[in-house]
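Participant: Here you go, one structure.
The values are calculated or read from the model by the stated rules, or taken from the named source; none is laboratory data. Please read all numbers here as calculations on a predicted model, not as lab measurements. When we count neighbours, we look across all protein chains shown, and the Cβ atoms used for this are built from the backbone with ideal geometry, even at glycine. The area values use the complete protein model at the heavy-atom level, side chains included, leaving out ligands, DNA and RNA. Shrake-Rupley method; radii C 1.70, N 1.55, O 1.52, S 1.80 Å.
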Amino acid sequence: MNLPLGYQYSAVYAGIRKVEKDDLALIFSNRAAWAAAVFTQNRVQAAPVVVSRNHLKKSRGLVRAVLINAGNANCATRTGEAVAAVCSKAIAEQFNAPIEQVLPASTGVIGVDLDPDLIVSAVPKLVNGLAENRFDDVARAIMTTDTVMKTTSSEVELDKGVVRIAGMTKGSGMIHPNMATTLGFVMMDADIGPAELRAMLADAVEYSYNRISVDGDTSTNDTVLLLANGASGLAPNDHERDLVREAVGVVMEDLAKQIVRDGEGARKFIAIQVRGAKNETDAQRIARAIANSPLVKTAIAGADPNWGRILSAAGNAGVDFDPTNVDIELQSVPVCRGGLATDFSEPDLKKKLGERDCLIRFNIQGRGKGEARFWTCDLTEKYIEINASYRT
């Protein structure tokens, strides 16, 4: 992985987790980077979300460091914001930087007090461990119920050189981003200002993180950051900015899909394609309704070609469409035409539905041009097992 220039990374064990595994991480830009961010739309928002949003406003988008802890969400406690502020200050003092240029992020259990002394006392070791090649250490440190770390990268050839983009994310359960438990951090070394970054991020998030669901629950801590520090010395022109925007979108889509593939207890990755809706918004609402249906997800888990559940879920999306114009395919096998069953070999389709990747196509006949893609996973007994014992 060719990492973007001008960033350093570090991770240590601060004692936040019950098991001895890195739980405190730092992403540092050697020069102040422009930043854009999207946060959870859950009405219950963790302290780091509130503090990071305020810091970005005060710094006008300039960021030097991102401090991330795992094992405690720092949410729904009496001291949450004070803890986030104290920890941000400890990092800022290490670099003689304004506190507003430090963004805190947390993931873990909600409603448990976070001891700031654990973090503050670990800060010197964390800073001393900064290195350009510790990207993966951070990606592993931010994991909670994740079974694998999630990273990706891309390069964009410009007229005068190469711009590098690298991203990491975490998330396995409580996944139904509506931004904008997921955290995502994407770094690049292009020279791009805050307004353009915000536009890039908004577009990329809409077609990546906002098109995934594991269990339909939006976390209190959802945060996705896009940083650009200009360390490459390359400022893209108008045409090149489109290439960079496209690359950022590809990176975020890759990260989002990795979250779904690692969904808690998941055995199958489900892609949903909706076409023929009146507009894109309607198509997305239908796709989201199908993705969030426990009946659809359990049917796929059992390799059951029960297409009626798909039609029913779409009908609950609050979208106006004629059910008699609906065609449904599972694994490219027609199972419904005009809202009615078609002839298909159930044993053959059941075998196809046993594959790791599953495809659901929902088409509305007519002149509608709205279409959307969405990604989710199956729902298995393992999901219940994981979440029934999460705190213990």
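Participant: Do we find that Arg53 is open to solvent by 30 Å² or more (accessible area, probe 1.4 Å), modelled with pLDDT under 95 and among the basic types (Lys, Arg) in this structure? Even if it seems obvious, please write down each step before you answer.
Facilitator: Numbers: open to solvent by 30 Å² or more (accessible area, probe 1.4 Å): yes; modelled with pLDDT under 95: no; among the basic types (Lys, Arg): yes.
In short, no.
Participant: Yes or no: the stretch 147-158 includes at least one residue that is surrounded by 18 or more Cβ atoms within 10 Å (Cβ to Cβ) and either assigned to a loop (DSSP other than H, G, I, E, B) or of a type in the set (Phe, Trp, Tyr) (or both). Spell out how you get there, then give the answer.
Facilitator: At the first step, the residues of the stretch 147-158 found to be surrounded by 18 or more Cβ atoms within 10 Å (Cβ to Cβ) are 149-154, 156, 158.
Now drop any that are not either assigned to a loop (DSSP other than H, G, I, E, B) or of a type in the set (Phe, Trp, Tyr) (or both), which leaves 149.
Within the stretch 147-158, one or more residues are surrounded by 18 or more Cβ atoms within 10 Å (Cβ to Cβ) and either assigned to a loop (DSSP other than H, G, I, E, B) or of a type in the set (Phe, Trp, Tyr) (or both).
Per-residue answers, yes or no, for (1) open to solvent by less than 10 Å² (accessible area, probe 1.4 Å); (2) in a loop (DSSP other than H, G, I, E, B):
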{"site": "Ala266", "(1), (2)": "no, yes"}
{"site": "Asp282", "(1), (2)": "no, no"}
{"site": "Ile286", "(1), (2)": "yes, no"}
{"site": "Ile300", "(1), (2)": "yes, no"}
{"site": "Asp304", "(1), (2)": "no, yes"}
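Participant: Just to be sure I understand, how many residues within the stretch 4-50 are modelled with pLDDT of 95 or more, buried (at least 19 other Cβ atoms within 10 Å of the Cβ) and hydroxyl-bearing (Ser, Thr, Tyr)?
Facilitator: 4
Participant: With (1) out of contact with any strand residue (DSSP E or B) (no Cβ under 9 Å at 6 or more places or on another chain); (2) basic (Lys, Arg); (3) closer than 20 Å to Asp282 by Cα as the list, and Arg373 as the residue in question, which single condition is left unmet?
Facilitator: Here Arg373 clears every test but (1).
Participant: Note down all Cβ pairs under 6 Å where the first residue falls in the stretch 221-241 and is at positive phi, the second is at pLDDT 95 or above and in a loop (DSSP other than H, G, I, E, B), and they're at least six residues apart or on different chains.
Facilitator: Matching pairs, first to second residue: Gly230/Asp191.
Participant: Given the structure, is Val260 crowded, with 20+ Cβ neighbours inside 10 Å and either closer than 30 Å to Met143 by Cα or out of contact with any helix residue (DSSP H, G or I) (no Cβ under 9 Å at 6 or more places or on another chain) (or both)? Give the derivation first.
Facilitator: Details: crowded, with 20+ Cβ neighbours inside 10 Å: yes; either closer than 30 Å to Met143 by Cα or out of contact with any helix residue (DSSP H, G or I) (no Cβ under 9 Å at 6 or more places or on another chain) (or both): yes.
Criteria met by Val260.
Participant: Please go through the stretch 91-142 and give me each residue that is in contact with a helix residue (DSSP H, G or I) (Cβ under 9 Å, 6 or more places away or on another chain), open to solvent by 30 Å² or more (accessible area, probe 1.4 Å) and assigned to a loop (DSSP other than H, G, I, E, B), ordered by number.
Facilitator: Across the stretch 91-142, the qualifying residues are Pro98, Asp113, Asp115.
Participant: Considering the stretch 38-70 alone, what residues qualify as being under 23 Å from Glu196 (Cβ atoms), aliphatic (A, V, I, L, M) and either touching a Cys at 6+ places or on another chain (Cβ under 8 Å) or part of a strand (DSSP E or B) (or both)?
Facilitator: Narrowing the stretch 38-70 to residues under 23 Å from Glu196 (Cβ atoms): 38-39, 52-66.
From what is left, the residues that are aliphatic (A, V, I, L, M) are 38, 56, 62-63, 65-66.
Val38, Leu62, Val63, Ala65, Val66 - these are the residues of the stretch 38-70 that are under 23 Å from Glu196 (Cβ atoms), aliphatic (A, V, I, L, M) and either touching a Cys at 6+ places or on another chain (Cβ under 8 Å) or part of a strand (DSSP E or B) (or both).
Participant: State the number of residues belonging to the stretch 268-280 that are of a type outside the set (A, V, I, L, M, F, W, C), touching a Leu at 6+ places or on another chain (Cβ under 9 Å) and open to solvent by less than 20 Å² (accessible area, probe 1.4 Å).
Facilitator: 1
Participant: Now for a different question. Would you confirm whether or not the stretch 356-371 contains a residue that is under 26 Å from the mean Cα position of the chain (by Cα), in a loop (DSSP other than H, G, I, E, B) and over 20 Å from Asn279 (Cα atoms)? Talk me through it step by step, then tell me what you get.
Facilitator: Here is the first cut: in the stretch 356-371, the residues under 26 Å from the mean Cα position of the chain (by Cα) are 356-362, 370-371.
Okay, now just the ones that are also in a loop (DSSP other than H, G, I, E, B), so 356.
Keeping just the survivors that are over 20 Å from Asn279 (Cα atoms) gives 356.
Scanning the stretch 356-371 turns up at least one residue that is under 26 Å from the mean Cα position of the chain (by Cα), in a loop (DSSP other than H, G, I, E, B) and over 20 Å from Asn279 (Cα atoms).
Participant: Let me confirm something: among Ala76, Ala82, Ala35, Ala25, which residue is farther than 16 Å from Val127 by Cβ and in a strand (DSSP E or B)?
Facilitator: Working: Ala76 fails: in a strand (DSSP E or B); Ala82 fails: in a strand (DSSP E or B); Ala25 fails: farther than 16 Å from Val127 by Cβ.
So the residue among Ala76, Ala82, Ala35, Ala25 that is farther than 16 Å from Val127 by Cβ and in a strand (DSSP E or B) is Ala35.
Participant: Being open to solvent by 90 Å² or more (accessible area, probe 1.4 Å) and more than 30 Å from Lys18 (Cα to Cα), is that true of even one residue in the stretch 371-386?
Facilitator: Checking the stretch 371-386: at least one residue is open to solvent by 90 Å² or more (accessible area, probe 1.4 Å) and more than 30 Å from Lys18 (Cα to Cα).
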